[in-house]
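Chemist: Shown below is the structure under consideration.
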Amino acid sequence: MNQKLSPSTTLLLTVPPLLWAGNAIVGRLVREAVPPMTLNLLRWAIALLILLPLARAMFRKGSGALINWRRYALLGLVGIGMYNSLQYLALQSSTPINVTLVASGMPVWMMLVGRLFFNAPVRRRQVAGAALSIIGVLVVLCRGDVHQLLGLRLVAGDLTMILATIAWSFYSWMLLQPKDEPALRGDWAAFLATQVAYGLLWSGLFSGIEWAVGAPAIAWSGKLAVALLFVAAGPAVLAYALWGAGVRRAGPGIGAFFVNLTPLFAALLSSAFLGELPHAYHALAFALIVGGIVVSSRR
């Protein structure tokens, strides 16, 4: 049920984007210490260990965790295996600011995936909002120079993040399909843990391929251990819990606007921890993307 934004609800919806921005920063910081696919595998393995004591419902008879294995395998593939792995891979060559801004073009892909694969209607306001979001993403990709559009050379990380957003769009639409058993649908920890359990199978496969083609050895250190604990406990578990509570209070419509705080937080954190100062075109892109979401979300 939608309610007016109280200070506590605002906090619930603000902390997750901050944690997700922190995930991008940490992924950039440890990119030379651990390969991206392996980082994703370790992150979600630790997250599952954190979730298991809270996810007893997934082990109950009739939970659907085994009966609906195909559904959870797909959710684990696109939401855990692909999206997060591709994001860490993108951070190998792109900055956290660019990665989170490109990801903010999500409404475009959400609209296209919904229309083409889930028979979701497309309205004029959505098209207008999508156009603004596309322009915002183009501003990031051409680094704010209009003349570069003709000879645009995309950074590999930018293209990889676009693939990640497409994977997340499929994941989001699949979540709306009413195929979950009640035991898991009403328990966020069990529902998430089930996805993670299946997602780890995919992450393990991707990590195995990464090692087979000659990935560098993991450079273990205290810094890496702290980073792994953070990305597992913060962006992977705590953010999901707070986000679910906030959306239940305010509704997904209001919550969608808070998602776009992620690139703003990423810019601030990049300045503080990486010395990667935001540019004027980042502000322009952020304004265009947020404007697109505001326009497309209006009833």
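Any read-out appearing in this document is the output of simple, stated calculations on the displayed coordinates, not a laboratory observation. In this text the structure is predicted, and so the values were computed from the model without any measurement. No Cβ is skipped: glycine too gets one built from the backbone with ideal geometry, and neighbour counts run over all protein chains shown.
Chemist: Pick out which of 236, 47, 283 has the largest mean-square fluctuation in a Gaussian network model of the chain, springs linking Cα atoms closer than 10 Å.
Modeler: 283
Chemist: Given the options 209, 277, 10, identify the residue whose Cα lies farthest towards the positive end of the charge dipole of the chain (+1 on Cβ of Lys, Arg; -1 on Cβ of Asp, Glu).
Modeler: It is 10, whose Cα lies furthest towards the positive end.
Chemist: OK, next. Compute, for the chain, the length of the dipole vector about the Cα centre, with Cβ point charges of +1 (Lys, Arg) and -1 (Asp, Glu) only. Units Debye, rounded to 20.
Modeler: About 940 debye.
Chemist: Among 203, 63, 221, determine the one that fluctuates most according to a GNM of the chain built with springs between C-alpha atoms less than 10 Å apart.
Modeler: 221
Chemist: A follow-up question, please. Residue 123 to residue 69: FRET efficiency via 1/(1 + (r/R0)^6), r the Cβ-Cβ distance, R0 30 Å, to the nearest 0.05?
Modeler: With a Förster radius of 30 Å, E is 0.25.
Chemist: State, to one decimal in nm, how far the label point of residue 225 lies from the label point of residue 49, with both points 7 Å from Cα in the Cβ direction.
Modeler: Once both label points are built, they end up 1.1 nm from each other.
Chemist: Right, something else. Within segment 1-97, report the trypsin sites (Lys or Arg not before Pro) that DSSP leaves as loop and that have at most 10 other Cβ atoms within 10 Å.
Modeler: Filter output for segment 1-97: 4, 61.
Chemist: Restricted to Cα positions, what overall size does the chain have along the principal axes? Three whole-Å values, descending.
Modeler: Each principal axis gives a Cα extent; for the chain these are 60, 50, 39 Å.
Chemist: Taking the chain as a Gaussian network, where each spring joins two C-alpha atoms under 10 Å apart, which residue of 107, 96, 121 fluctuates the most?
Modeler: Fluctuation is largest for 121.
Chemist: I'd like to verify something in the chain: which complete DSSP H helices, judged by Cα projection on the helix axis, reach 18 Å or more and average at least -1.0 on the Kyte-Doolittle scale?
Modeler: TM-like helix candidates: 7-29, 36-51, 124-141, 156-175, 188-212, 280-297.
Chemist: Evaluate the distance, in nm, between pseudo-label points positioned 7 Å from the Cα of residue 8 and of residue 156 along their respective Cα→Cβ axes.
Modeler: Result: 4.8 nm between the two label points.
Chemist: What's the extension gain from residue 294 to residue 205 if we count 0.36 nm per residue and subtract their Cα-Cα distance?
Modeler: Extra length available between residue 294 and residue 205 comes to 28.1 nm.
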